[in-house]
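Have a look at the structure below, then the notes.
Rule-based calculations on the coordinates, nothing more; no lab input. Because the structure is a prediction, the values reported are computed rather than measured. Note: ideal-geometry Cβ built from the backbone for every residue, glycine included; neighbour counts use all protein chains shown.
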Amino acid sequence: MVWLKFDISQASKYTFPMSDPLSPLVSFLERAERLLSRLEPLLPPASPLPDWNAAVAFQWRKRGAAGYLQPVPRLAAIRLADLRDIDDQKARIDANTRQFVAGRPANNVLLTGARGSGKSSLIKALLNEYAPRGLRVIEVEKHDLIKLPDIVDLVDGRPERFIVFCDDLSFDAGDSTFRALKVVLDGSMAAAPDNVLIYATSNRRHLMPEYFAENLEAHSVGEEIHPGEAIEEKVSLSERFGLWLSFYPFDQEAYLDIVAHWLRSFGCKDAEIARAERDALNWALQRGSRSGRVAWQFAKDWAGARGTSTKRGRGK
């Protein structure tokens, strides 16, 4: 067999008689090159490889059909010491993360419960604490979880320790990302890399909506013959997280303690903090919630209205 090697860029230098068998080939290649030159601007650019030295936190972003890791240049300055009245949850996730950073066995973590109670802030504080020891965080939106295998492939074998973080996680029935997350957690023939864990927050413990009828094993649920199996399917995802941490609404004492902490961080004196208590309670009443987030928002409003300069930002 004879192979022909032909450089299309040189085709214009040559003329072929119509009887030459190469003439149709040259014509075809010229047309193909013109077509490709028109299509090329419409194609998405190649995804850049991550610059691992640019940051300690990254966010998965999409560019057309492709995805890439975008460095987060500025982190929230929150510390573990800033998170008040969740001491048990903080101690357990801190111990798990410390094991992970040290290269010892550790679990995927699911943080569930009351909104504004410090779930996502814990992840930010852990990164600030352990980034000097090699911890990195990759934040992924729920709808991008289907790309988890690609993200895991990017970090496999690297010396850093990566937490893939998904905030406010929940699923609807039939959601394709539900199964993608199950596979990465503990459902594939290929073992997950030792340098990757998944930390997720949710307001739902089982991550999917549950219905009263599903508790009635003896009755049909729609056309489901075995409703108990449908329930098991929903529970199975949350069970793949080895560590569950539950968060609860703060009582009045805890809420005021958090308010006082943040006011002190803005430079307020004890006498000012005492005067702020009634306003802090009214602030929470108006919002229908006593949470760490509400306490932080009140502290910013109170300190800012009185001309107090910000010592450092928390981010939320």
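Residues whose amide H falls under 5 Å from that of residue 196, counting only those 5 or more places apart or on a different chain, are 162, with hydrogens built in the peptide plane.
Annotation note: GluC sites (Glu not before Pro) in the stretch 120-172 located in DSSP loop regions with a Cβ neighbour count of at most 16 within 10 Å are 141, 160. Just to verify a number: FRET efficiency for residue 246 and residue 79, C-beta to C-beta distance, R0 = 22 Å, to 0.05? According to the calculation, E is roughly 0.45.
Just list whichever of 124/300; 62/147; 119/300; 62/142; 90/124; 62/90 have alpha carbons separated by over 22 Å in the model shown.
With Cα atoms farther than 22 Å apart: 62/90.
For residue 114, the residues 5 or more places off, or on other chains, whose built amide H falls under 5 Å of its own are 247, 248.
Straightening the chain between residue 38 and residue 286 buys 83.4 nm, computed as 0.36 nm per residue apart minus the Cα-Cα spacing. Amide H contacts of residue 169: 201, 202, 203, each under 5 Å away and 5 or more positions distant or on a separate chain (H built 1.01 Å from N in the peptide plane; Pro and chain starts excluded).
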